[in-house]
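I have placed the structure first, in the form of structure tokens, so that the comments after it can refer back to it.
The values are calculated or read from the model by the stated rules, or taken from the named source; none is laboratory data. All values derive from a computational prediction rather than experimental measurement. Here Cβ is always computed from backbone atoms with ideal geometry, including for glycine, and neighbour counts include all displayed protein chains. Surface accessibility is based on the protein's heavy atoms, side chains included, excluding ligands, DNA and RNA. Shrake-Rupley method; radii C 1.70, N 1.55, O 1.52, S 1.80 Å.
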Amino acid sequence: MTEISKAEILRQKDFISRISDINSKKEHKPLAFVETYGCAQNFNDSEKICGMLSDMGFGFCENKEIADLIIYNTCAVRENAEMRVYGNIGAIKNIKRKREGVLLGVCGCMVQQEKIAENVKKRYPYVDMIFGTHALYRFPEILANAMEKNRVFDIENSEGAICEDISCKREAPPLAKVPIMYGCNNFCTYCIVPYVRGRERSRKVEAVLSEVRQVASEGYKEVMLLGQNVNSYGNDFKDGTSFAYLLGEVCKIDGIERVRFMTSHPKDISDELIDVMAREEKICNQLHLPVQCGSSRILEKMNRRYTKEQYLEIVRKVREKMPDIVLTTDIIVGFPGETNEDFEETIDVLKKVRYDTIFSFIYSKRGGTPAAVMEDCLTEEEKHKNFDRLLEVQNEISKEKNDEYLGRIEKVLVEGASKTNPEYMSGRTDGGKIVNFKGNTDMVGKIIDVKITKTQTWSLGGEVL
Ligand code: 5AD
Ligand code: SF4
């Protein structure tokens, strides 16, 4: 693992001071509008962009019409996310016409792909900054150049490097996201992530712990440890450091009451991890374990490196130690070559595992991945029909799983007021289920006992005891 050198960090800090000086002399604090697509990792990257912007004297707004700086942090996992970004960049043309001096940046996974970045550069000449995931720490320099009216195109692949010491502007407590590693080595054949986020590299144990201590001191109660495959945390140190060890250390930190993590690759779930989850009170009773597909034949084509039977065995082992664990998964419908019989195997896994929730996607072809050139057999219509059926089967299971909570008393970490009714608060159980109940904002950040009185497919309702 290489870390960005102290000298380079100081160089970026110098750009931060220069921009901050310029901004402090302006009549009004300039405003930034930052929109993020995709996964928790991308949202964490945006928290860093906002942290740097804050250090540079920017305020923030939720209306791009009044913004001085507009940033789109993009996702490349599926085509629909990319389409939305193209639509949004197109719409900024008018804003730039109306208000001179507005700067527009497009960053993240989508533009870490050279062809796409070139396309954005050509098609939208008014985009001032195009920079990939690897350039995140160079954002102050990129912005300084753009402010001097130079168009910036920075998709250089500095893969392997980790940059500590970037400010982070998080959402208000109680939940904090803390990355523990970056990149992915798995190369599932449908997935673009290893190409845009580089190889796996773990942050040092001490760097993770110090960030968790920091958020604890700021009043955050729950941390979500992030990585594309947290189970391989520490493999790159080659000294036996494991994710289970890191979890144990995080749990020792005072003030942090709940620890969650995402995502776990089933092939790397160790007995040591299951043991530490069962043992440590603070580790939430929840596991996100993407199965992707129930057919062993398709799993092999996906390069997932487990069979249906091996996956079910992992679930059995997990449930043996944690009988009421909340299990969630990701599923792709319509991978190239998937037949209706293969799809039935996925339905079978759903019925056998009985997940609490699933996140399902129709396969989206990603240029440059091995699956993009594999032969397909089902029509789009058939894929959609299967997708709808998957949801139907799962919705029934989700509702039944939630019904089991009726009358139970759950410990709920209160996150904030409900978006639809301010008299109602919203929080999560230890298992990660959303609970809505009548309350007040004094409860935010506290763990309170709620009796579950109502169940729906996606959430629970209750009364404070
Ligand atoms: N098409 C559809 N879904 C995908 N995912 C990753 N790549 C693709 C793709 N090309 C899904 C997987 C992964 C989740 C984050 O996104 O299910 O677990
Ligand atoms: Fe993509 Fe597979 Fe890596 Fe997850 S484990 S990021 S699905 S390649």
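Could you please find all residues in the stretch 50-63 being out of contact with any Phe, Trp or Tyr (no Cβ under 9 Å at 6 or more places or on another chain) and either aliphatic (A, V, I, L, M) or crowded, with 21+ Cβ neighbours inside 10 Å (or both)? Working first, answer last.
Here is the first cut: in the stretch 50-63, the residues out of contact with any Phe, Trp or Tyr (no Cβ under 9 Å at 6 or more places or on another chain) are 51, 55, 57-59.
Correct list: Phe58 only.
Look at (1) assigned to a loop (DSSP other than H, G, I, E, B); (2) touching a residue at least 12 places away in the same chain (Cβ under 8 Å) and you find that Pro125 fails only one, number (2).
For the stretch 64-94, a residue qualifies if it is farther than 19 Å from Leu143 by Cα, open to solvent by less than 50 Å² (accessible area, probe 1.4 Å) and either modelled with pLDDT of 95 or more or more than 15 Å from ligand 1 (Cβ to nearest atom) (or both), and the qualifying residues are Cys75, Ala76, Val85, Tyr86, Gly87, Asn88, Gly90. Taking the criterion of being closer than 20 Å to Tyr245 by Cβ and either charged (D, E, K, R) or within 17 Å of the chain's Cα centre (by Cα) (or both), the residues of the stretch 185-207 that qualify are Glu200, Arg201, Ser202, Arg203, Lys204, Glu206. Scanning the stretch 162-195 for residues that are open to solvent by 30 Å² or more (accessible area, probe 1.4 Å), away from ligand 2 (no atom under 14 Å from the Cβ) and not polar (S, T, N, Q) turns up Glu164, Asp165, Ile166, Cys168, Lys169, Arg170, Glu171, Ala172, Pro173, Leu175, Lys177. Here the condition is being within 21 Å of the chain's Cα centre (by Cα) and closer than 25 Å to Gln112 by Cα; of Tyr220, Tyr233, it holds for Tyr233 alone. In the stretch 1-49, of all residues being assigned to a strand (DSSP E or B) and not polar (S, T, N, Q), the one that is least open to solvent (accessible area, probe 1.4 Å) corresponds to Ala32.
Which of the residues that make up the stretch 322-343 are in contact (Cβ under 8 Å) with a residue 40 or more places away in the chain, open to solvent by 40 Å² or more (accessible area, probe 1.4 Å) and over 10 Å from Leu378 (Cα atoms)? Steps first, answer last, please.
Taking the stretch 322-343 and keeping what is in contact (Cβ under 8 Å) with a residue 40 or more places away in the chain, we get 322, 324-338, 340-343.
Subset that is open to solvent by 40 Å² or more (accessible area, probe 1.4 Å): 324, 340-341.
Listed by number, the residues that qualify are Asp324, Glu341.
Scanning the stretch 13-31 for residues that are within 17 Å of Arg99 (Cα to Cα) and out of contact with any Cys (no Cβ under 7 Å at 6 or more places or on another chain) yields Lys26, Glu27, His28, Lys29, Pro30. Filtered by the rule that a residue be open to solvent by 30 Å² or more (accessible area, probe 1.4 Å) and within 22 Å of Cys188 (Cα to Cα), the stretch 364-379 gives Lys365, Gly367, Gly368, Pro370, Val373, Met374, Glu375, Asp376, Cys377.
Okay, residues lined up against (1) under 23 Å from Asp324 (Cα atoms); (2) in contact (Cβ under 8 Å) with a residue 40 or more places away in the chain:
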site: Asn402; (1), (2): yes, yes
site: Tyr405; (1), (2): yes, yes
site: Asn436; (1), (2): yes, no
site: Gly439; (1), (2): no, no
site: Asp442; (1), (2): no, no
site: Lys451; (1), (2): yes, yes
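Inside the stretch 89-115, residues that are within 21 Å of the chain's Cα centre (by Cα), among the polar types (S, T, N, Q) and not in a loop (DSSP other than H, G, I, E, B) make up a count of 1.
The lone criterion from (1) assigned to a helix (DSSP H, G or I); (2) away from ligand 1 (no atom under 16 Å from the Cβ) left unmet by Val196 is number (2). Of all residues in the stretch 349-370, those satisfying the criterion of being more than 10 Å from ligand 1 (Cβ to nearest atom) and either in a loop (DSSP other than H, G, I, E, B) or touching a Lys or Arg at 6+ places or on another chain (Cβ under 8 Å) (or both) are Val349, Arg354, Tyr355, Asp356, Gly367, Gly368.
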